[in-house]
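Inspection log for the structure reproduced underneath, given as structure tokens.
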Amino acid sequence: MIQPGGWLTKEVTVIGSLGYLHHEFGVAIDLIADGRIRTEPIHTTTVGLSELPEAIARIADDPNSAVKVLVDPSR
């Protein structure tokens, strides 16, 4: 468990990092738009908020049933 309050009394220094750079988003978008990267194999489905409980239950019953499920609140 992470307890940030303890960090203050122990004078802990926390250093974070990102695994990507901002400009890489544009590069990725271009690669997908050009068809050089196919997203179909990693995107199983998109569900709305009302469908989310069912999607979670389906994955809980069969973890291999989905690779990536996106949630679109506007659906």
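All of the numbers you see were taken from the coordinates with simple rules; none came from a lab. Keep in mind that this is a model prediction, so the values were computed, not measured. Note that we place each Cβ from the backbone using ideal geometry, even for glycine, and neighbour counts take in every protein chain shown.
Summary table below
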read-out	value
Any hit, the range 11-31, residues being surrounded by 10 or more Cβ atoms within 10 Å (Cβ to Cβ), of a type in the set (D, E, K, R) and more than 18 Å from the chain's Cα centre (by Cα)	yes
Condition broken by SER74, with the remaining ones in (1) in contact (Cβ under 8 Å) with a residue 24 or more places away in the chain; (2) surrounded by 10 or more Cβ atoms within 10 Å (Cβ to Cβ) satisfied	(2)
Some residue of the range 54-64 being in contact (Cβ under 8 Å) with a residue 12 or more places away in the chain and either in contact with a Ser or Thr (Cβ under 9 Å, 6 or more places away or on another chain) or surrounded by 10 or more Cβ atoms within 10 Å (Cβ to Cβ) (or both)	yes
The range 27-49: number of residues that are of a type outside the set (A, V, I, L, M) and free of Cβ contacts under 8 Å to residues at least 24 places away in the same chain	7
